[in-house]
Structures are given as structure tokens and as C-alpha cells.
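*Asks:* Below is one structure. I have some questions about it.
The values are calculated or read from the model by the stated rules, or taken from the named source; none is laboratory data. The structure presented is a predicted model; accordingly, all values stated were derived computationally and were not measured. As a convention, Cβ positions derive from the backbone with ideal geometry for all residues, glycine included, and neighbour counts pool all protein chains shown. Surface accessibility is based on the protein's heavy atoms, side chains included, excluding ligands, DNA and RNA. Shrake-Rupley method; radii C 1.70, N 1.55, O 1.52, S 1.80 Å.
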Amino acid sequence: VDAFQAWCGPCKTVVDLFRKIRNEVGSGLLHFAVAEVDSIDALEKYRGKCEPVFLFYAGGELVAVVRGANAPLLQKTILEQL
């Protein structure tokens with residue numbers, strides 16, 4: 001989940017990376033979503049940050065968090081979690 005605030009918008013530069021990985025591993029294993037933290041109380045702790053935050057869930061549980069648009073770290077985290 002790309003957790004973003006309305007004033008800065010979702011991280012568009014990472015969408016291509018997610019698409020590439022999703023095409024490689026299959027669409028059944030990887031799902032990408034965006035969430036505006038300003039309107040979701042459960043994501044309140046991610047408000048006020050000036051960096052993108054990527055939340056990784058498996059089985060409904062938060063399993064990893066990556067702060068910043070660090071493509072190599074995002075790719076590594078995705079592949080580790082899969």
C-alpha cells in the first residue's frame with residue numbers, strides 16, 4: 001500500500017516498478033493499492049511525513065514498512081515477502 005497525504009499525492013515513480021514486478025511474479029501474488037492517510041484513521045501515524053511510505057501486508061497483517069522511494073529496497077522487500 002502506497003500510504004500518501006493529499007498534499008503530496010501517491011508516489012507515481014514507483015508504480016512502474018510495481019507493474020514490472022507484478023508482471024514477473026504474476027498478478028495473483030502481488031496487489032498494489034494507494035491509501036490517503038488523511039482520510040483513514042488507522043493510518044494516522046503516517047501523517048505529517050514528507051516521504052512516501054509503503055506498507056506490506058500478508059494475511060491481513062502488516063509485515064514490512066519501507067520509507068522513501070528507494071526502488072532497490074522496495075524490490076528487495078517485495079521479493080522477500082513473496
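*Asks:* Considering only segment 22-53, state which residues are assigned to a loop (DSSP other than H, G, I, E, B) and either under 16 Å from Trp7 (Cα atoms) or among the small types (Gly, Ala, Ser) (or both).
*Replies:* Gly26, Ser27, Gly28, Ala33, Ile40, Arg47, Gly48, Lys49, Cys50, Glu51, Pro52
*Asks:* Do any residues in segment 39-61 that are open to solvent by less than 80 Å² (accessible area, probe 1.4 Å) have Cβ atoms under 9 Å from those of residues that are of a type in the set (Asp, Glu), where the two are at least six apart or on different chains, and which pairs are they?
*Replies:* Leu43/Glu36; Arg47/Asp38; Pro52/Asp2; Val53/Asp2; Phe54/Asp2; Leu55/Asp2
*Asks:* Find the residue count for segment 9-36, including only residues that are over 16 Å from Leu55 (Cβ atoms) and either touching a Ser or Thr at 6+ places or on another chain (Cβ under 9 Å) or open to solvent by 70 Å² or more (accessible area, probe 1.4 Å) (or both).
*Replies:* So the answer is 9.
Yes/no matrix, rows are residues, columns are (1) modelled with pLDDT of 90 or more; (2) closer than 17 Å to Cys11 by Cβ; (3) among the charged types (D, E, K, R):
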| position | (1), (2), (3) |
| --- | --- |
| Arg22 | no, yes, yes |
| His31 | no, yes, no |
| Glu36 | no, yes, yes |
| Gly48 | no, yes, no |
| Leu62 | yes, no, no |
| Val66 | yes, yes, no |
| Ala69 | no, yes, no |
| Leu74 | yes, yes, no |
| Leu82 | no, no, no |
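*Asks:* Can you tell me which of (1) part of a helix (DSSP H, G or I); (2) open to solvent by less than 50 Å² (accessible area, probe 1.4 Å); (3) not β-branched (Val, Ile, Thr) is the one Ala3 doesn't meet?
*Replies:* Tallying (1) part of a helix (DSSP H, G or I); (2) open to solvent by less than 50 Å² (accessible area, probe 1.4 Å); (3) not β-branched (Val, Ile, Thr), Ala3 fails exactly one: (1).
*Asks:* Here's a follow-up. All but one of (1) within 17 Å of Ala3 (Cα to Cα); (2) in a loop (DSSP other than H, G, I, E, B); (3) of a type in the set (A, V, I, L, M, F, W, C) hold for Val65; state the number of the condition that does not hold.
*Replies:* (2)
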